[in-house]
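Shown next, in structure tokens, is the structure this report addresses.
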Amino acid sequence: MQRETKVIKLGKHEVEVKTYITGGENREIEDIYLKDMQVSVDGEGNTVIPGIDAKLAREAQNKTFEIMVLKVDGNSENILEAVLALPKEDYDNLVLELNKLMGLDKKKEKK
């Protein structure tokens, strides 16, 4: 099954992206954070999760680009390098759009 795509216009650039992320793809990204995560329990029985290494956040973002971005300016080669070469404003707007497509912009509902 071929997934729907859309073109995002960013200044002088156009980026073709997938319109949604699958559960399996999302898991690939989450696994980057989880591979080095250490969880412990303090003396009061509370779960303690230390901070996440900033390098892992970059690695996860790079994986997101590789999964979600299909073409930059009509070219499907070297996607990561092409995304990282975008002007900062275009890059920031692309990140915002991808976050929306992945559902990361939604606020968690309080129960």
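How much length, in nm to one decimal, is gained on full extension between Arg3 and Asn26, taken as 0.36 nm per residue of separation minus their Cα-Cα distance?
Taking Arg3 through Asn26 to full extension adds about 6.7 nm, to one decimal.
Please give the helix 23-34 orientation as an angle from the longest Cα principal axis of the chain, in degrees from 0 to 90, rounded to the nearest 10.
That helix lies at roughly 50 degrees to the long axis.
Give the separation of the Cα centroids, the stretch 1-35 to the stretch 49-82, in Å.
Using only Cα atoms, the two centres lie 9 Å from each other.
Here is the link list: Lys12/Lys63; Lys55/Lys100; Lys18/Lys71; Lys12/Lys55; Lys12/Lys71; Lys9/Lys88. Which ones come out longer than 18 Å on Cα distance?
Listed pairs above 18 Å: Lys12/Lys63; Lys55/Lys100; Lys12/Lys55.
Defining a contact as two alpha carbons under 8 Å apart and six or more residues distant in sequence, what relative contact order in percent does the chain show?
28
Sort the chain into rounded, prolate or oblate with this rule: let a ≥ b ≥ c be the square roots of the eigenvalues of the Cα gyration tensor; rounded if a/c is under 1.5, and if a/c is not under 1.5, prolate when a/b is larger than b/c, oblate otherwise.
Judged from the Cα gyration tensor, the chain comes out prolate (a/c at least 1.5, a/b above b/c).
Could I have the simple spin-label model distance between Asn46 and Gln61, label points 7 Å from Cα toward Cβ, reported in nm to one decimal?
Here the modelled spin labels are 3.0 nm apart.
Laboratory data are not the source of any read-out in this text; all were calculated from the coordinates shown. Being a predicted model, the structure only gives us computed values, none of them experimental. Here Cβ is always computed from backbone atoms with ideal geometry, including for glycine, and neighbour counts include all displayed protein chains.
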